[in-house]
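Shown next, in structure tokens, is the structure this report addresses.
The values are calculated or read from the model by the stated rules, or taken from the named source; none is laboratory data. The structure displayed is predicted, hence computed values, not measured ones. Cβ coordinates were reconstructed from backbone atoms using ideal geometry, including for glycine residues, and neighbour counts include every protein chain displayed.
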Amino acid sequence: MKLKIRKNLALIDQHDNNFMYGGKFGGNFIPETLKKPIDDLTKLFTKLRKDKKFLKERDHYFETYVGAPTPFIKLDNLTDHLGGAQIYAKVVSEANGGAHKIYNATVHCLIAKKAGKRYIVGDTGAGYAGKMLSMAAKKFGLKCKIFMGAKDIKRQRPNVEAMKKNGASIVPVTTGSQTLVDAVSECMRYWVSNCDTTHMCVGSTVGPNIFIKICAWSTAQISRELIKQIKEEFGRIPKKLKLINCVGGGSSAAGFWNEFMNTDAEFIGVEAGGPKNSNLHAAPLTNGSKIGILHGAAQYVIQDKEGQIGSTESISAGLDYPGISPLHCFLKDAKRARYTSANDEEALSAYKLVSRLENISPSLEPSHAFAEAIKLAPKLDSSEVIIVNSCGDSIKDKDIIRQKLGSYKR
Amino acid sequence: MKSKIALAFQNCKKEKRPALITYTVAGDNTKNNSLKILNEISKYADILEFGFPHNTPIADGGQIQGSSNRALKNGIKLRDVFQIVKKFKKNNPSKPIILMGYFNLIYQNGENNFLKSCKLSGVDGLIIVDLPYPENKNFAKKCKKKSISFIQLLSPTTSKDRMKKIINDSHEMIYYISMLSTTGGKLKVSPKKILQNYNKIKRINPKKNLVIGFGITEKTISSLKSANGLVVGSMLCKIISKSLKMRQNPVTKLAKVVYSLKKKIL
């Protein structure tokens with residue numbers, strides 16, 4: 001059966017009665033205890049998204065707190081250097097805190113307030129989801145707890161320090177691979193035990209359906225801004241336009257593409273290919289992983305034949321996740337987006353080139369997207385436009401970059 | 001014909017005591033030992049829950065995660081789980097055994113394939129932690145067709161309306177989660193409160209066998225003995241961890257503990 005994206009309905013709402021996209025992705029594979037909290041949250045969010053007052057509130061905080069719109073700039077030097085397509089960046093890393101995670105965090109805190117919850121918990125990989133949640137929680141007067149893999153705590157130190165400064169308590173997760181996948185599991189377990197007093201924020205477009213919805217609805221701000229900025233720059237949406245975004249869980253890509261769903265823009269998602277000489281990766285879509293259930297949702301996921309979730313490896317903690325948003329599985333099977341991967345080395349050299357030539361410094365996650373842009377641009381005509389979502393700032397990666405490239409300059 | 005699970009409850013009712021239901025993980029700490037454990041504890045336990053481990057469990061606490069990790073490290077596969085059940089059933093044909101785990105393993109194995117293996121090895125029931133109602137309706141029907149009990153879960157967060165629907169569609173056993181917790185949490189609700197909730201559920205349909213699980217240990221078990229059944233899981237996993245650490249034989253250790261649990265509910 002060929003899947004189709006419907007034109008008159010938001011992508012996040014294109015699920016069936018079982019909350020499945022395309023009949024096979026997503027759903028709510030959750031313990032009974034979470035049924036009611038998830039139902040309650042679903043009802044509340046359904047109401048709030050139609051509530052003009054709430055929307056005004058959201059827009060107010062996006063503007064004054066997150067900082068909207070984030071810049072849309074042409075990367076002249078990179079374009080000249082590569083010779084080919086015109087390369088632009090949506091510099092989402094200019095948002096408060098340094099990454100797109102602030103949108104989801106802000107919206108979740110607003111919802112938690114409406115739900116009368118005083119505590120908020122969240123997971124984090126690269127640390128940006130955790131940092132932003134701790135920031136927003138502080139702003140909105142919520143007590144915050146962040147679950148983070150012990151391996152990630154070590155490799156993303158600057159963000160850990162930021163979370164501590166914001167008064168969040170950080171719970172190191174020492175089970176399994178000690179990365180994002182275990183942090184999400186542990187956070188969900190905590191919520192099972194505390195769902196009566198605590199709101200949970202899933203850090204990406206993964207997990208039970210409602211969390212996918214809230215997250216993609218929040219990050220959609222990126223493309224709402226961009227579509228206006230593009231029209232200002234070009235007078236219209238360019239005929240040959242490629243929107244390139246890294247995908248781990250897939251929250252920034254979902255937001256970057258949302259408003260362009262019914263245009264001719266081409267969507268390219270770039271997964272983490274892992275180290276060049278390793279069999280491990282974090283690219284389930286590129287490498288043909290089978291559908292399985294992870295963190296409450298059916299999705300393409302790295303797993304063994306039995307259904308045990310597989311190990312991943314990536315230089316980028318934010319992409320180091322065995323699954324991928326059901327929304328992206330849906331977009332892939334409907335052939336609305338195509339997915340590829342960049343390996344650690346390609347991401348690093350993309351970081352090096354972009355930060356040398358341009359006045360931006362993308363983190364290792366969007367460096368994967370830049371790697372694809374760098375591969376593609378020289379093959380394209382100068383009438384074509386590539387926009388990369390530079391969705392995170394490299395400051396959190398300074399230790400890794402220094403170790404791999406010898407120095408880190410800002 | 002009555003199922004083995006229904007018969008087990010019937011026997012316990014005759015003896016005016018709750019059914020003692022144990023949970024251990026297949027392959028913990030070895031395939032052989034987990035079979036020996038079943039053989040030993042089945043002398044005292046009325047129904048045996050047997051976990052097929054998953055490496056990304058979203059509702060299990062540290063103790064069961066520990067057991068699962070040990071089992072997975074030993075390379076336990078579904079095929080082994082069924083083999084252990086089959087071997088156990090050869091010597092204990094009337095003792096009901098319930099497999100418990102997460103849906104992805106069934107999904108990858110194929111629902112029909114999985115149920116076929118259940119039937120061939122002698123599995124009596126299934127608890128699937130992350131396949132809630134009504135998403136589990138189709139699968140529960142398939143189970144029923146094969147005379148395998150699909151055990152529905154209820155929790156303190158389940159609304160009364162939802163409870164009625166779930167109970168209506170349930171088979172001979174229902175599992176009430178005592179509190180908001182992952183498995184192995186400390187009992188944070190008083191036994192009195194748990195029994196109040198339990199009785200409310202029983203009133204919806206007194207005929208269904210309702211068991212209580214989560215947070216039940218040697219200390220708390222006797223205060224809940226008016227229930228139809230009581231599940232002890234994490235505590236047993238903890239005993240295995242402990243005895244391994246102290247280089248004791250987990251099999252004999254566990255048998256002793258289950259014996260003393262049984263004495264507490266007589």
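Yes/no matrix, rows are residues, columns are (1) surrounded by fewer than 17 Cβ atoms within 10 Å (Cβ to Cβ); (2) assigned by TED's automatic domain parsing to the domain that holds A:Thr205:
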| position | (1), (2) |
| --- | --- |
| A:Ile12 | no, no |
| A:Asp16 | yes, no |
| A:Asp40 | yes, yes |
| A:Lys43 | yes, yes |
| A:Asn77 | yes, no |
| A:Ala89 | no, no |
| A:Ser93 | no, no |
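When the criteria are applied in full, B:Ser226 meets the requirement of being outside any strand (DSSP E or B) and out of contact with any strand residue (DSSP E or B) (no Cβ under 6 Å at 6 or more places or on another chain). In the set (1) more than 14 Å from every other protein chain (Cβ to nearest Cβ); (2) of a type outside the set (A, V, I, L, M, F, W, C); (3) within 25 Å of B:Ala6 (Cα to Cα); (4) without any contact (Cβ under 8 Å) to a residue 24 or more places away in the chain, the condition left unmet by B:Arg247 is number (3). For the stretch B:161-178, a tally of residues being modelled with pLDDT under 95 and within 13 Å of chain A (Cβ to nearest Cβ) returns 0. Restricting attention to the stretch B:45-64, does a residue exist that is more than 14 Å from every other protein chain (Cβ to nearest Cβ), assigned to a loop (DSSP other than H, G, I, E, B) and out of contact with any Cys (no Cβ under 9 Å at 6 or more places or on another chain)? Checked against the condition, which is being more than 14 Å from every other protein chain (Cβ to nearest Cβ), assigned to a loop (DSSP other than H, G, I, E, B) and out of contact with any Cys (no Cβ under 9 Å at 6 or more places or on another chain), the stretch B:45-64 yields at least one hit. Quick check: is even one residue across the stretch A:117-136 over 23 Å from the mean Cα position of the chain (by Cα), surrounded by fewer than 24 Cβ atoms within 10 Å (Cβ to Cβ) and farther than 27 Å from A:Leu180 by Cβ? No, because not a single residue in the stretch A:117-136 is over 23 Å from the mean Cα position of the chain (by Cα), surrounded by fewer than 24 Cβ atoms within 10 Å (Cβ to Cβ) and farther than 27 Å from A:Leu180 by Cβ.
If you go through the stretch A:83-113, how many residues are closer than 26 Å to A:Ala373 by Cβ and assigned to a helix (DSSP H, G or I)?
Initially, the stretch A:83-113 is screened for residues closer than 26 Å to A:Ala373 by Cβ, giving A:83-104.
Those still in the list that are assigned to a helix (DSSP H, G or I) too: A:92-94, A:101-104.
Result for the stretch A:83-113: 7.
Going through (1) within 14 Å of chain B (Cβ to nearest Cβ); (2) touching a residue at least 40 places away in the same chain (Cβ under 8 Å); (3) among the β-branched types (Val, Ile, Thr) one by one, A:Thr175 falls short only on (2). Of the residues making up the stretch B:13-33, at least one is within 16 Å of B:Lys89 (Cβ to Cβ) and assigned to a helix (DSSP H, G or I). Within the option set A:Gly288, A:Gly274, A:Gly323, being closer than 26 Å to A:Val107 by Cα and not hydroxyl-bearing (Ser, Thr, Tyr) holds for one residue only, A:Gly323. Selection within the stretch B:218-243: residues that are touching a Ser or Thr at 6+ places or on another chain (Cβ under 8 Å) and of a type outside the set (A, V, I, L, M). The member of this set that is farthest from B:Tyr175 (Cα to Cα) is B:Ser241. Output the residue which, of all residues in the stretch B:115-155 that are of a type in the set (S, T, N, Q) and in a helix (DSSP H, G or I), is farthest from the other protein chains (Cβ to nearest Cβ). Across the stretch B:115-155, the extreme among qualifying residues is B:Ser121.
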